[in-house]
Amino acid sequence: MNKARRNPLNSALAHVVLITYTVIALFPVFVILINSFKTRKAIFREPLALPDAESFSMIGYQTVMKQGDFFLYFQNSMIVTVASLFFVLVFGAMAAFALSEYRFKGNTLMGLYLALGIMIPIRIGTVAILELMVSTGLVNTLWALILVYTAQGLPLAVFILSEFMRQVSDDLKNAGRIDGLSEYTILFRLVLPLVRPSMATVAVFNMIPIWNDLWFPLILAPAEETKTLTLGSQVFIGQFVTDWNAVLSALSMAILPVMILYVIFSRQLIRGITSGAVK
Amino acid sequence: MQKPRFKWHILVFLAPAVLVYTAIMIFPLFNTLRLALFSEVDQVRVFVGLENFRTLFGDPNWSEQFWNALGNNFWFFFIHMLVQNPIGIALAAILSHPRLRYAALYRSAIFVPTILSFVIIGFAWKLILSPIWGIAPDMLKAIGLKSLYAPWLGKEEYALTTLALISVWQFVGIPLMLIYAALLSIPEEVLEAGEVDGITGAAAFWKIKLPLILPSIGIISILTFVGNFNAFDLIYAAQGALAGPDFSTDILGTFMYRTFFGFQLQLGDPHMGSAIATAMFGIILIGVCIYLFGIQTRLRRYQF
């Protein structure tokens, strides 16, 4: 390495730029969080001050707890996200295994067919999806959302997983076959444990868009008992526009679960993106 | 000789994925394209051919809204390409510096807005920019630029650009990560060979790294294009289905939502909604084709 690549001035400049951008990225989240713990007066008088003994107040959270059914919304979001991820991973792994392991007529064609959905957003078909859900009676059930997100996640899942499954050694699978294992056992007992890191990547990629989606909950499941957290907070905030304490608290409560998930999975997510999985 | 047995397991492995994908994604997609050719007369669905498209492009009420939404959508995309992707590339170039400390910390922090929902983002910025709360005017006052403040989200001439910049703020993490990955995959030998020839610092970025990451820049461009022409949530969360003020932030997603789902006094019209969805499908398809056949094939890929 020569001098130009470890110039201390350059390095200081790099930190200044990065710190500036980090502040820009985190500032709005910070402002929302600190103000959610303040009295109404303090919110307006000193929006950038941290809550202290005098200005501390939980009134916003109390309103949210009383008025909105946030636990139900949270539970709905959890059910939808976990179930969709489960189906994306299981169905995706099965299809990816079929495409990467066996030679059969139409293999390439099937791969292309499933890859179509990577580039074409599922939202284009919303009108017909709503009609389908109405005619099957699934509208305003969580199943409608789970099915849509499963279909939305499958193309990329099949694509990524089959790339990784091609790298699993043939000897291992053939050894299993000689020992008399069925093809199903080979997939679920031998291959899946080996591609676990890529399964985690697929899961994290799908998790955030599903959790944050507003479009499909709004159209397919707007009923009170099926609202997801994203839709629930949107509706709640819309109704309480003038109650700043409640709005800020509702926003903070919507931020919290995502941040926890992010802290747990951020290494996985960043490794997934940087491993070039979305090429 | 025994006839090869039919391999049931292949069918079993493929069936669930193909069934769900076909039933919920492909079939509704084509059904939407088909519904665009129908209309409802006296509560009966009748085939009208291209009539809906004639209304969409010919009827001044409709065509004005459509071209407005399309134009706004292009402006939205343009801001992303002009602001989001260069910032993402610049930050990635700084982050990928081999001896930078705390790189992982910066990376995680800058990615935070990307994981938050549009609802949170939309309202958070609405509050911060609001003249009632006064955070934005106070901060501008602190640096002596108070006169620049305007209620940006409430003014027709600024609202769309402001929303586009909010969206840029949210999604800068995506190009950042993809370019970062591409930069890290450039082998050290290539950079050292450049150094031997006297190419270092900024010159190394422009002459060696940038040409090598062009395929990744192509990918982020097409991802941005598809994402922008299918956007809806941020505008809906910040400005509502009417995409105010006076439709100045209306994009194709909100236009389609209003048309097919209805709002306030207008009844929903699934057939006109399908016609707009068909137009969106066409635009996205054209974009993807330009990328696949016009750009991707021309970019030279390097294998290390």
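What residue among A:Ile219, A:Ile178, A:Ile255 shows peak mean-square fluctuation when chain A is described by a Gaussian network model with Cα springs under 10 Å?
Sorting by GNM fluctuation, first place goes to A:Ile178.
If you count, for every residue in A:15-23, the Cβ atoms of partner chains within 10 Å of its Cβ, what is the mean? Before the final figure, lay out each step's value.
Values: counts 5, 0, 5, 11, 3, 0, 10, 9, 1.
That average works out to 5.
For B:Lys209, go through the aspartates and glutamates and keep the ones whose alpha-carbon is under 17 Å away, minus same-chain ones fewer than eight residues off.
B:Glu188, B:Glu189, B:Glu192, B:Glu195, B:Asp197
Using a Gaussian network model on chain A with a 10 Å cutoff between Cα atoms, which of A:Arg166, A:Arg196, A:Arg177 fluctuates the most?
Ranking A:Arg166, A:Arg196, A:Arg177 by mean-square fluctuation puts A:Arg177 first.
Give me, ordered by chain and number, the residues 5 or more places off A:Lys38 or on other chains with an amide H under 5 Å from its own placed amide H.
Here the answer is A:Ser57, since their amide H atoms fall under 5 Å of that of A:Lys38.
Most fluctuating residue of B:Ala103, B:Ala15, B:Ala277 in a GNM of chain B with Cα springs under 10 Å: which is it?
Evaluated over chain B, the most mobile residue of the options is B:Ala15.
Convex hull volume of the Cα atoms in the protein assembly as shown, per residue, in Å³? Spell out each step's value before the answer.
Working: hull volume 116.7 nm³, N = 583.
Per residue, the Cα convex hull of the protein assembly as shown comes to 200 Å³.
Can you pull out the chymotrypsin sites (Phe, Trp or Tyr not before Pro) in the stretch A:102-182 that DSSP calls coil and that have at most 14 other Cβ atoms within 10 Å? Walk me through the numbers before you get to the answer.
On the way: sites: A:Tyr102, A:Phe104, A:Tyr113, A:Trp143, A:Tyr149, A:Phe159, A:Phe164; in loops: A:Tyr102, A:Phe104.
Answer in residue order: A:Tyr102, A:Phe104.
Quote the convex hull volume per residue of the stretch B:51-296, based on C-alpha atoms, as a whole number of Å³. Don't skip to the answer; put the middle values down first.
Details: hull volume 38.9 nm³, N = 246.
That works out to 158 Å³ per residue.
For chain A, what does the helix formula give at 222 nm: sum of -39500 (n - 2.57) over DSSP H segments with n ≥ 4, over the residue count, nearest 500 deg cm²/dmol?
-23500 deg cm²/dmol
Sequence gap at least 6, Cα distance under 8 Å: using those rules, report the relative contact order of chain A to the nearest whole percent. It would help to have the intermediate numbers written out before the result.
Values: 241 pairs, mean separation 79.6, N = 279.
Result for chain A is 29 percent.
Please sort by residue number the GluC sites (Glu not before Pro) in the stretch A:153-230 whose DSSP state is loop and whose Cβ has at most 12 other Cβ atoms within 10 Å.
Working: sites: A:Glu163, A:Glu183, A:Glu224, A:Glu225; in loops: none.
Here no loop site has a sparse enough neighbourhood.
Please work out the FRET efficiency for the pair B:Glu195 and A:Phe30, using the Cβ-Cβ distance as r and a Förster radius of 41 Å; give the result to the nearest 0.05. Don't jump to the answer; show the numbers that get you there.
On the way: r = 41 Å, r/R0 = 1.01.
For B:Glu195 and A:Phe30, the calculated efficiency is 0.50.
What is the Å³ per residue value for the convex hull set by the Cα atoms of the stretch B:181-265?
On the way: hull volume 10.6 nm³, N = 85.
In the stretch B:181-265, the Cα hull volume divided by residue count equals 124 Å³.
How high is the relative contact order of chain B, given as a whole-number percent (alpha carbon pairs under 8 Å, six or more residues apart)? All intermediate terms of the calculation are to be shown ahead of the outcome.
On the way: 313 pairs, mean separation 76.7, N = 304.
Contact order relative to length: 25 percent.
Rg and Dmax of the stretch A:3-62 over Cα atoms: what are they, in angstrom?
Cα only, the stretch A:3-62: 18.1, 59 Å (Rg, Dmax).
Take peptide A:86-98, look around each residue's Cβ out to 10 angstrom, count Cβ atoms belonging to other protein chains, and average those counts. Mind dumping the intermediate values first?
Working: counts 0, 3, 2, 0, 2, 9, 3, 2, 7, 7, 3, 4, 10.
Mean inter-chain Cβ contacts per residue within 10 Å come to 4.
Which pairs break 24 Å Cα to Cα here: A:Lys41/A:Lys227; A:Lys38/B:Lys146; A:Lys41/B:Lys141; A:Lys227/B:Lys155?
Values: A:Lys41/A:Lys227 32 Å; A:Lys38/B:Lys146 26 Å; A:Lys41/B:Lys141 21 Å; A:Lys227/B:Lys155 32 Å.
Those over the limit are A:Lys41/A:Lys227; A:Lys38/B:Lys146; A:Lys227/B:Lys155.
Across every pair of different alpha-carbon atoms, what Kirkwood hydrodynamic radius in Å does chain A reach?
22.2 Å
If exposed trypsin sites (Lys or Arg not before Pro) are those in a DSSP loop with at most 16 other Cβ within 10 Å, what is the longest stretch of chain B that has none? Spell out each step's value before the answer.
Numbers: sites that count: B:Arg5, B:Lys7, B:Arg99, B:Arg101, B:Lys155, B:Arg298, B:Arg300, B:Arg301.
Looking at chain B, B:156-297 is the longest stretch - no exposed trypsin sites (Lys or Arg not before Pro) with at most 16 other Cβ atoms within 10 Å.
Based on the Cβ-Cβ distance from A:Met78 to B:Glu64, what FRET efficiency comes out when R0 is 35 Å, to the nearest 0.05? Write out the running numbers ahead of the final one.
Numbers: r = 44 Å, r/R0 = 1.25.
That pair, A:Met78 with B:Glu64, gives E of 0.20.
Calculate, for B:Leu145 and B:Gln266, the FRET efficiency according to 1/(1 + (r/R0)^6) with r their C-beta to C-beta distance and R0 30 Å; round to the nearest 0.05.
Details: r = 42 Å, r/R0 = 1.38.
Between B:Leu145 and B:Gln266 the formula returns 0.10.
Every number in this text was worked out from the coordinates using simple rules, so none of it is lab data. Quick caveat, the model's predicted, so the values are computed rather than measured. No Cβ is skipped: glycine too gets one built from the backbone with ideal geometry, and neighbour counts run over all protein chains shown.
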